[in-house]
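S.K.: Have a look at this one before I ask anything.
The values are calculated or read from the model by the stated rules, or taken from the named source; none is laboratory data. This one's a predicted model, so the numbers in the text were calculated from it and none came from an experiment. Please note: Cβ atoms are built from the backbone with ideal geometry, for glycine as well, and neighbour counts cover all protein chains shown. We work out accessible area using only protein heavy atoms, side chains counted, and drop any ligands, DNA or RNA first. Shrake-Rupley method; radii C 1.70, N 1.55, O 1.52, S 1.80 Å.
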Amino acid sequence: MSLDNETGLDHPGIRVRPVSGLVAADYFAPGYFVWAVLIANLARIGYEEKNMYMAAYDWRISFQNTEVRDQTLSRMKSNIELMVATNGGNKVVVIPHSMGVLYFLHFMKWVEAPAPMGGGGGSDWCAKHIKAVMNIGGPFLGVPKSVAGLFSIEARDIAVARTFAPGFWDKDVFGLKTLQHLMRMTRTWDSTMSMIPKGGDTIWGGLDWSADVSYNCSVKKNKNNDTYGAFQNGKENLGFMKNINYGRLISFGKDIADLHSSKLERLDFRGALKGRNLANTSNCDVWTEYHDMGVDGIKAVTDYKAYTADSILDLLHFVAPKMMKRGDAHFSYGIADNLDDQKYKHYKYWSNPLETRLPNAPDMEIYSMYGVGIPTERAYVYKLTPQSECHIPFQIDTSADGGNEYTCLRDGVYSSDGDETVPVLSAGFMCAKGWRGRTRFNPSGIQTFIREYDHAPPANLLEGRGTQSGAHVDILGNFALLEDIIRVAAGASGKDLGGDRVHSDIFKWSEKINLKL
């Protein structure tokens, strides 16, 4: 599954390719559905293979390289054109999920752009072919979880597992160096860099502020589909909770996470020299880029103490230069000053909604559909691990706990509202503010709708993964979400659905973000 660390493409003689057709992602494994429930429900209202198309793609490689290697974007363009032509001119409803949301953003710019960089469809292609884009669990502005994954190959679950079985994860037990293997592999997947938080401190917050605050991670959720009731239920204990600043995505120590920036004494890591290895890393049978950093480079990272979204990019360039060199060629993370600048015609900007425009398609609709009410990873407390010959030097500090004062700090992870993977801020901001009405990112005024689904866990084992789940993948079995999609696929508009359906504070949080529209 690893790719070439220089090109981000296949190793010589190795070809792993996505399965095609509806079976590509109906089930992940027997009994574990992904798209199967939605496919079955669409079949009940008359859909079949000739007017349903599963756009499977190799999610490991960069979006533009899926076209270079597999012509995936061209196949998607041809299939959509064929469906429109053979179904009475009816436009398509596109339903991306998770990273597929970013992939389809890239596609909408690619299909308009002239060859050879783009698909040559012209500026009116989307207007002619797309009725609605119903994005599910969309990480429009990235996910903090990707930072932990790239920095230390962890998320909360792995970090906790390490405390229970450190020998298995970190040492050479049975010839396995599990985390080192995972890091070496995933750092060859260019697509992972599409998930790095976008918009910098403007979106994600600085050392002493963040837009998304006051989420109560301790509230017990009951089965409840009533919007007002669920909203009230989620806010009932806020008076007993202290606001959290999520802007420090990485802090080295809980005390650093709490300390006001005026008291932070930091040494800049950017010009630090790497070297002075403790041991000879030539014997490491699983090489990672950390083996080139040495004691001085590792110490420089910890001496900077606290990292916001702006400095996270410099951090990743420092600790993973080979990976980020490839990433810089394919993805961007900033906010455009002037979208008329010719540089934004390059494909590296096409999946960043803050550095590209939506198509000129005023009749098209864009939905942001995602779960809320589940604590979702937002920031991390780290520690330096004991140095050894072949190790990953940084680790989430699972001993950091907020107690009663900070209900959203558990096992070294600060949580905010979201679907367990994507925070509300990333999933909702563009449709709540960035694209709402006519903005410089949405000049044709495409209508946007937010449809949130308040998470309620299954009542019993017979209910399986739940019919009211808001979790990132399980939401694909959420009855309310399925109904929304089926109605739009049968011809309804966002107004027919009732417009926005909101449980979170996304509109209030969005107003705090000072972004030129």
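S.K.: Too long at a 26 Å Cα-Cα cut-off: which of K322/K516; K325/K433; K145/K508; K325/K345? Walk me through the numbers before you get to the answer.
M.R.: Values: K322/K516 33 Å; K325/K433 32 Å; K145/K508 23 Å; K325/K345 20 Å.
Distance filter (> 26 Å) returns K322/K516; K325/K433.
S.K.: Using label points projected 7 Å from each Cα along Cα→Cβ, tell me how many nm separate D340 and H317, to one decimal.
M.R.: Placing both labels 7 Å along Cα→Cβ, they lie 2.9 nm apart.
S.K.: If ligands, DNA and RNA are left out, what is the accessible area of F269 with a 1.4 Å probe, given in Å² to the nearest 10?
M.R.: The accessible area of F269 comes to roughly 0 Å².
S.K.: Distance in nm between label sites at D328 and V160, each 7 Å beyond Cα in the beta-carbon direction?
M.R.: Distance between label points: 3.8 nm.
S.K.: Could you tally the net charge around A427, taking each other residue with its Cβ under 11 Å from the Cβ of A427, Lys/Arg +1 and Asp/Glu -1?
M.R.: Net local charge, A427 excluded: -2.
S.K.: Relative contact order, percent, of the chain when contacts are C-alpha pairs under 8 Å separated by at least 6 residues?
M.R.: Relative contact order here is 18 percent.
S.K.: Give me the compactness ratio for the chain, meaning the Cα radius of gyration over 2.2 N^0.38 Å. Intermediate values should be presented prior to the final figure.
M.R.: Details: Rg = 22.8 Å, N = 517, 2.2 N^0.38 = 23.6 Å.
Output field value: 0.96.
S.K.: Right, next: Determine the per residue accessible area of the chain with all protein chains present and a 1.4 angstrom probe, expressed in square angstrom. All intermediate terms of the calculation are to be shown ahead of the outcome.
M.R.: Values: 21360 Å² over 517 residues.
Accessible area per residue, the chain: 41 Å².
S.K.: Sticking with this structure for a sec: Assuming R0 = 41 Å, what is the FRET efficiency of R438 and N41, from their Cβ-Cβ distance, to the nearest 0.05?
M.R.: Values: r = 35 Å, r/R0 = 0.85.
So, using R0 = 41 Å, E works out to roughly 0.75.
S.K.: Can you give the net charge of the other residues whose Cβ lies under 11 Å from the Cβ of G205, counting K and R as +1 and D and E as -1?
M.R.: -1
S.K.: Here's another thing I want to ask about it. In segment 1-79, which trypsin sites (Lys or Arg not before Pro) are in a loop and have at most 10 other Cβ atoms within 10 Å, using DSSP for the loop call? Intermediate results must be reported in sequence, preceding the final value.
M.R.: Details: sites: R15, R44, K50, R60, R69, R75, K77; in loops: R15, R60.
Filter output for segment 1-79: R15.
S.K.: Same structure again: Please pull out the direction-averaged projected area of segment 300-449, using the convex hull of its alpha-carbon atoms, in nm² to one decimal place.
M.R.: Values: hull surface 47.3 nm².
With every direction weighted equally, the projected area is 11.8 nm².
S.K.: Same structure again: What net charge is computed for the residues neighbouring A155, neighbours being all others with C-beta under 9 Å from the C-beta of A155, Lys and Arg scored +1, Asp and Glu -1? Numbers along the way, then the final one.
M.R.: Values: positive: K145, R156; negative: E154, D157, E377.
In short, -1.
S.K.: Once label points are set 7 Å from the Cα along Cα→Cβ at both A492 and N514, what is their separation, rounded to one decimal in nm?
M.R.: The modelled label-to-label distance comes out at 4.1 nm.
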